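The values are calculated or read from the model by the stated rules, or taken from the named source; none is laboratory data. All of these numbers come straight from a predicted model, not from anything done at the bench. FYI the Cβ positions are ideal-geometry reconstructions off the backbone, even for glycines, and counts take in every protein chain you see. Quick note on the areas: whole protein, heavy atoms, side chains included, nothing else; ligands and nucleic acids left out. Shrake-Rupley method; radii C 1.70, N 1.55, O 1.52, S 1.80 Å.
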Amino acid sequence: MSRLIVVEFTSLDGVMHDPDGSDGSPQGGWVFRYGPEAVANDPFGLGEVLDTGALLLGRRTWELFAKIWPGRDDPFSAKMNAMPKLVVSRSLDHATDWQNSAVLRDDLVAEVRKRKQTRDIVIMGSASLVHALAAHGEVDEYRLMVFPLVLGEGTRVFPDGAAPVSLSLVSAQAAGPRVRLIYTRDAG
């Protein structure tokens, strides 16, 4: 079986909200305090998953990405643009603004379980999807790019009240002032 991989930019205190400033929050754009290289190329080390997997995005994240990625042509962007994209939405009728996108309306957990049978699925951003799928025990791997700042408030990768989960550290790699952590869910 393939994996459901969550990739997130996060502060040291676990805040994932508005890393690029697009939401207009007072502390938004915190990722870019560390320069554009913080998000360049393949910051999460996805490698071949970019060629064989699919992206799972919430509507708001997809709408943001659909404005950014199609106009880029570097190798990482080309892979992002080529990947199949599943957009979870009750309000979108179609997802034609970004190639290879399709609206997913059915039961989220059932759809993820079915699609994980054939390919890895990557969630970027999309906090409500991450939280919902984590609550059902569907997240297999977290790839977190942790930045050296404490934001103190905002949506967190692991919100208050989340069910406990045991993880194993696979990798910790310094990348300038930030650290990429890869954790997998313990079997059990």
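Gly47 falls short on exactly one of the conditions (1) loosely packed, with under 12 Cβ neighbours inside 10 Å; (2) over 27 Å from Glu111 (Cα atoms); (3) of a type outside the set (Lys, Arg), and that condition is (2).
Considering only region 18-60, state which residues are assigned to a loop (DSSP other than H, G, I, E, B) and in contact with a Lys or Arg (Cβ under 6 Å, 6 or more places away or on another chain).
In the first step, residues of region 18-60 are kept if they are assigned to a loop (DSSP other than H, G, I, E, B); the result is 18-29, 35, 39-48, 53.
Across region 18-60, the qualifying residues are Phe44, Gly53.
Within region 140-152, is there a residue that is out of contact with any Ser or Thr (no Cβ under 9 Å at 6 or more places or on another chain) and either of a type outside the set (Lys, Arg) or in a loop (DSSP other than H, G, I, E, B) (or both)? No, there is no match, as no residue in region 140-152 is out of contact with any Ser or Thr (no Cβ under 9 Å at 6 or more places or on another chain) and either of a type outside the set (Lys, Arg) or in a loop (DSSP other than H, G, I, E, B) (or both). Here region 18-33 is the region considered, the condition is being open to solvent by 40 Å² or more (accessible area, probe 1.4 Å) and closer than 24 Å to Lys79 by Cα, and the residue that is nearest to the chain's Cα centre (by Cα) is Asp20.
Of all the listed residues (Ser77, Ser128), the sole one being surrounded by fewer than 18 Cβ atoms within 10 Å (Cβ to Cβ) and either free of Cβ contacts under 8 Å to residues at least 12 places away in the same chain or in a strand (DSSP E or B) (or both) is Ser77. Ser171 passes every criterion in (1) of a type in the set (Gly, Ala, Ser); (2) at pLDDT below 95; (3) touching a strand residue (DSSP E or B) at 6+ places or on another chain (Cβ under 7 Å); (4) in a strand (DSSP E or B) apart from (2). Against the conditions (1) under 29 Å from Ala172 (Cα atoms); (2) surrounded by 17 or more Cβ atoms within 10 Å (Cβ to Cβ); (3) within 15 Å of the chain's Cα centre (by Cα), Val88 satisfies every one except (1).
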